[in-house]
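Written below as structure tokens is the structure these notes are about.
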Amino acid sequence: MGRPADGAAGSDASLSMDAVDIREARKGLRSEVSGRLFTLKVLVCALITAAGCWLALQPHLTFRLFGVLLIGLMFAHAAELQHETLHGLAYRSRRANRVVGVLLGLPMLISFTAYRVIHMRHHRDLGTPQNREFFDYGDQYGAGERRTRMRNALTWLVRFTMVRHYWQFATDVGRAVRDGDFDGESAVNSRRMRTEYLLVLFALLAAAALSAVFTTPVVLWVWLLPLVIVAAPAHALIELPEHFRCDVLDRSPFANTRTIKSNRLLTWYTNGNNFHVEHHLMPNLPIERLPDLHTEVRDSLRHYHSGYVAYFKSLISR
């Protein structure tokens, strides 16, 4: 059977495939978690970030701006690496996944525990009205876009600035400072979330203090500017296609999720997030095996695009 065209629906038979049956039939794709491979990913991210920091602190403005670009891109990449730790796919040790996950999320003001518990519920509830995601882009899935042009422009501005994420971070930091519990969370998770939010707050204050002591805007060039003008829109560009304008009230991953094949560079940069139908079909499958699962199920994909350029071109043309 040939693969459906970009954005086209597959056959009714293929769309009725049960995710449980697919997991059982493809369980041979599962493999051991490779901590060495994930450590290599983190090291590459750290080295590029360090190069960006060096450039951002040079006197020449062109170097600084290029450094800000590199740092911001790596902040967003680190959030995709953090996603792997949420599922326990980076290391075999839960502690190692949490420690590294906390550090990876820190530049984008992400609590590992808050992200993990909400993300696991997202996997459980996708296809139901109870579904929600950790990053709040407002009109998350494009359901309310038949409005005025001005309202649509404002909606996209909110999405790409991730202003709601910053507001939620400030709210959660305030709760952590007051030693309050997080609604709906266990005592253990609340305690961990408080610790992680306070850690991010301490890092921000320490960076600001160093900038003040040495009378240099280092925190601006190596953290705040990369976060706001590069990492936030880059992260939105990665995340929004996952379920945007899909059938999010349908329980089938073939209906509620999108896969973008893309090239090796962007597959590395998104850390396999482009194979998103495959990830929702088998959430515990190591990231490196998602292309193999894609080969197995690609003829059943309903929301499919051959690359990010193809996807956003189709989005703009609608």
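The values are calculated or read from the model by the stated rules, or taken from the named source; none is laboratory data. Just so it is clear, the structure is predicted and the values come from calculations on it, not from any experiment. Cβ coordinates were reconstructed from backbone atoms using ideal geometry, including for glycine residues, and neighbour counts include every protein chain displayed.
Of the numbered conditions (1) touching a His at 6+ places or on another chain (Cβ under 9 Å); (2) buried (at least 21 other Cβ atoms within 10 Å of the Cβ), Glu239 fails exactly one; give the number of that condition.
Going through (1) touching a His at 6+ places or on another chain (Cβ under 9 Å); (2) buried (at least 21 other Cβ atoms within 10 Å of the Cβ) one by one, Glu239 breaks only (1).
Going through region 253-280 one residue at a time, which ones are outside any helix (DSSP H, G or I) and either out of contact with any strand residue (DSSP E or B) (no Cβ under 9 Å at 6 or more places or on another chain) or among the polar types (S, T, N, Q) (or both)?
Residues satisfying the conditions are Thr257, Thr259, Ser262, Asn263, Thr270, Asn271, Gly272, Asn273, Asn274.
Just give me the residues in region 281-309 being part of a helix (DSSP H, G or I), out of contact with any strand residue (DSSP E or B) (no Cβ under 8 Å at 6 or more places or on another chain) and of a type in the set (A, V, I, L, M), in sequence order.
Leu281, Ile287, Val297, Val309
With in contact (Cβ under 8 Å) with a residue 40 or more places away in the chain, in a loop (DSSP other than H, G, I, E, B), in the same structural domain as Val222 (by TED's automatic domain parsing) and under 30 Å from Leu40 (Cβ atoms) as the only criterion, which of Phe135, Phe182 stands out?
Only one candidate passes the filter, namely Phe135.
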